[in-house]
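Reviewing the structure listed below.
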Amino acid sequence: MVTCAAASWGTWSLFLRPTGLPSATTTWIMFAVMTLTALPLARRERTPTWDRTAILLLLANTACDALNVLTFFAAMAYTTIEIAVLTHYLAPIIVALFAERIEGTRTPGARPAAVIALAGLVLILEPWHAPAQGAVTGALLGTASAFCYAGNVFVVRRLAARVGSARQVAYHSALAAVLLAPLGVSGLATVSPRALALVASGSVTIGAISGIVFVEGLQRIGAARSAILTFAEPLVAVTVGALAWGEPLHPIAAVGGALVLAAGIHVARQAR
């Protein structure tokens, strides 16, 4: 379940890039459609446990995911799929570095892995050459999304255990849609029917459905194993970038990407 969900997320560019829409608009549409998709499924779940902790987890989930999606979609608009996705996948290393402080869990080798991952990003961006237009901005946005994604890791599993997977997806998506409405609604006038259909179809399938499937799998196998399996996303995304968008993977950048992936897989395997 985790692997299939993660692999599906690697195809987001197929739904977003043809529209040419700004990330604020596509993000708002995504959350609105995810809400409508997940709400009927939430009615089939057990009665939720709503208490102060659950409400705080829901608010944290909303903030983290709204910023995660907004910055990640913006990164793909600014730069190549390769740079956007691989910077986004600094998340497992960020989780490992902060887990000891937040959860009391120490991950051996997390700090050396972070250094290796940063070296990999340097190779991807190739700063000794003139950076491609938007590469630095896209990398910063991808890194910001990694921090937000990492924050989600600490709250999603706990929230879903209290309220259910579909309800977690539906409720945080509804709140995120309200939160982002001032940014997203203003651009709806420029959305063509084809663009709306593309974003909506992605939101239903790899947004809501993959999100629910992922959370169900996450609850069964835990965050450590899930972190390893989610590396299916960057592998699929970089492949899509090469095949669908003609984005070449330079040998030195491929080495950098391998370092990022290796560092992330290492810390995920060490996590307990």
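The values are calculated or read from the model by the stated rules, or taken from the named source; none is laboratory data. The shown structure was predicted, so the numbers you read here are calculated from the model rather than taken from an experiment. Here the Cβ is made from the backbone with ideal geometry for all residues, glycine too, and neighbour counts use every protein chain on show. When the accessible area is computed, the model is the full protein with side chains, heavy atoms only, and any ligands, DNA or RNA have been set aside. Shrake-Rupley method; radii C 1.70, N 1.55, O 1.52, S 1.80 Å.
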Cut-off 10 angstrom, C-alpha nodes, Gaussian network model of the chain. Which of TRP50, TRP28, TRP245 fluctuates the most? TRP50
Calculated from DSSP H runs of 4 or more alone, at -39500 (n - 2.57) each and per residue, what is the 222 nm mean residue ellipticity of the chain, nearest 500? -25500 deg cm²/dmol
Once the dipole of the chain is set up from charges on Cβ (+1 Lys and Arg, -1 Asp and Glu), the residue from the list PRO193, GLY217, VAL136 lying farthest towards its positive end is GLY217
Can you tell me what the convex hull of the Cα atoms of the stretch 34-81 projects to on average, as an area in nm²? 4.6 nm²
Identify the residues of the stretch 1-38 with backbone N under 20 Å of a label point that sits 7 angstrom from the Cα of ALA132 along the Cα-to-Cβ direction, or state none. 10-23
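Please calculate how many Å² of accessible area the chain carries per residue, with a 1.4 Å probe and no DNA, RNA or ligand atoms counted.
Here the per-residue accessible area is 45 Å².
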Would you calculate the convex hull of the Cα atoms in the chain and tell me its volume per residue in Å³? 115 Å³
Counting pairs of alpha carbon atoms under 8 Å apart in space and at least six apart in sequence, what relative contact order in percent does the chain give? 44 percent
Which distance in nm do the two modelled labels at THR53 and VAL191 give, with both placed 7 Å along the Cα-to-Cβ direction? 3.7 nm
To one decimal place, what orientation-averaged projected area in nm² is obtained for the convex hull of the Cα set of the stretch 144-272? 9.9 nm²
Calculate the dipole size of the chain relative to its Cα centre from +1 charges on Lys and Arg beta carbons and -1 charges on Asp and Glu beta carbons; express the result in debye to the nearest 20. 820 debye
Hydrodynamic radius (Kirkwood) for the stretch 1-160, which is based on Cα pairs only, to one decimal in Å: 17.3 Å
In what sequence, highest mean first, do 180-188, 139-147, 35-43 appear when ranked by Cβ atoms within 10 angstrom? 139-147, 35-43, 180-188
In Å and on Cα atoms, what radius of gyration and Dmax does the stretch 1-60 show? 15.5, 43
